[in-house]
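Okay, so here's the structure we're looking at.
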């Protein structure tokens, strides 16, 4: 199994809950799962198939659900020690929150239920696992597809650039460099 960016899915859940509280919002459990799903999918798309957290999502009628998080949070937010996240992960989660945090749980659920990774799993039956490879392939595509999924941005449209300061004190936006179109052999 490959290494994940954070040791526990709950680290991401705590970050999302705290971010919502800082923005004066109560994060509904359904919305939490949709944001967690999007974060996992976009992280894999942005970082060459790497997993953000050791999470597994299943297809429920309501949308994608991480069953362990669902079970633990079913009675409310439990006490879990807050572990600081790496800066890269916090910046990434901030990008996901800024892009999708303002949408309602219903909107996110409708959006995700119309996308191939969820649909493929749901046709196999309730609680079927949503394949991580399918999530990465779908969210990592270069352009949004037409039709019902057109509202879904590609990974490079979700990740906000990092702002650094030059020696002259000017703020500049930077992104991690990635070659376009792959490498060519001579």
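No lab work stands behind these numbers, since they all come straight from the coordinates. Source: prediction; values computed, not measured. Ideal geometry is used to build each Cβ from the backbone, glycine not excepted, and the neighbour counts take in all protein chains shown.
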TODO: Calculate, in nm to one decimal, what residue 22 and residue 48 gain on full extension: separation in residues at 0.36 nm each, minus their alpha carbon distance.
DONE: 6.3 nm
Task: Residues 130, 80, 14, sorted so that the one with the fewest Cβ neighbours within 10 Å comes first - done: 80, 14, 130
Task: Cβ-based exposure ranking for 74, 8, in which fewest neighbours within 10 Å come first - done: 74, 8
Task: Cβ-derived FRET efficiency at R0 22 Å, residue 61 paired with residue 102, nearest 0.05 - done: 0.35
Task: Ranked 152, 13, criterion: other C-beta atoms within 10 Å, fewest first - done: 152, 13
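Can you pull the semi-axes for the range 9-165, root of five times each eigenvalue of the Cα gyration tensor, sorted largest first, whole Å?
22, 20, 14
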Open item on the list: Testing the spin-label approximation: label points 7 Å from Cα along Cα→Cβ at residue 3 and residue 119. State their distance in nm.
Closed with: 3.8
